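The values are calculated or read from the model by the stated rules, or taken from the named source; none is laboratory data. As the structure is a prediction and not an experimental result, all values here were calculated from the model. Glycine also receives a Cβ, built like all others from the backbone with ideal geometry; neighbour counts cover every protein chain displayed.
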Amino acid sequence: MKQNYRRLMALALLVLALSGAALAQDFEPKVRAHIPFNFYAGSKLLPAGNYTLAVNPVSNNVAIFQRDTGVGTFLIASQTGVSRNGYSLLTFRSNGEGTYVLEKIEGPDLGLSFRAEKVLSHLALDRPANETRVVVAALGD
């Protein structure tokens, strides 16, 4: 009985791993960036670090994650114009007081913006007088 349970668990883990690998293949293009500050992606606060952003071009879903720590989230984006200069860029909105919100991703073959969460309106989205935009260069995969 115990051996059958182990086999069932091993099979379940294999199926889960294979379905995750198949899902990850749907996300292209990928952009890598070092983000030197904590920031909000949607309503989730993510720590500073090296991130990969993978885009599903059919649904405009974006997976943003740190491979080393497993920290990340999924976002729903809207299409915007692509980068005209050929560079991949991440744009953050800041309230000038250390709060950053991911606003858009631009690249040679993608242009996506993120709808601001109402929950963050009091942080960086009400357009205070000292609001700034911070652009971080990224590498295409």
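So which residues in the range 97-108 are surrounded by 14 or more Cβ atoms within 10 Å (Cβ to Cβ) and either in a loop (DSSP other than H, G, I, E, B) or aliphatic (A, V, I, L, M) (or both)? Explain how you work it out, then say what you get.
Our first condition is that a residue be surrounded by 14 or more Cβ atoms within 10 Å (Cβ to Cβ); within the range 97-108, this holds for 99-108.
Correct list: Thr99, Val101, Leu102, Ile105, Pro108.
Just for the range 29-41: of the residues that are of a type outside the set (A, V, I, L, M, F, W, C) and part of a strand (DSSP E or B), which one is modelled with the highest pLDDT?
Residues of the range 29-41 that are of a type outside the set (A, V, I, L, M, F, W, C), as a first pass: 29-30, 32, 34, 36, 38, 40.
Narrowing the set further to residues that are part of a strand (DSSP E or B) leaves 30, 32, 34, 40.
Numbers: Lys30: 82, Arg32: 89, His34: 93, Tyr40: 89.
Step by step, filter the range 29-41, then rank; the result is His34.
Thr69 versus (1) out of contact with any helix residue (DSSP H, G or I) (no Cβ under 6 Å at 6 or more places or on another chain); (2) modelled with pLDDT of 85 or more; (3) buried (at least 16 other Cβ atoms within 10 Å of the Cβ): which is the lone unmet condition?
Failing condition for Thr69: (3).
For the structure I just gave you, tell me whether Ala116 is small (Gly, Ala, Ser), at pLDDT below 75 and part of a helix (DSSP H, G or I). Explain how you work it out, then say what you get.
Numbers: small (Gly, Ala, Ser): yes; at pLDDT below 75: yes; part of a helix (DSSP H, G or I): no.
No.
Please specify each residue of the range 42-96 satisfying the condition of being assigned to a strand (DSSP E or B), within 10 Å of the chain's Cα centre (by Cα) and of a type outside the set (A, V, I, L, M).
The answer is Tyr51, Thr52, Asn61, Phe65, Gly72, Thr73, Phe74.
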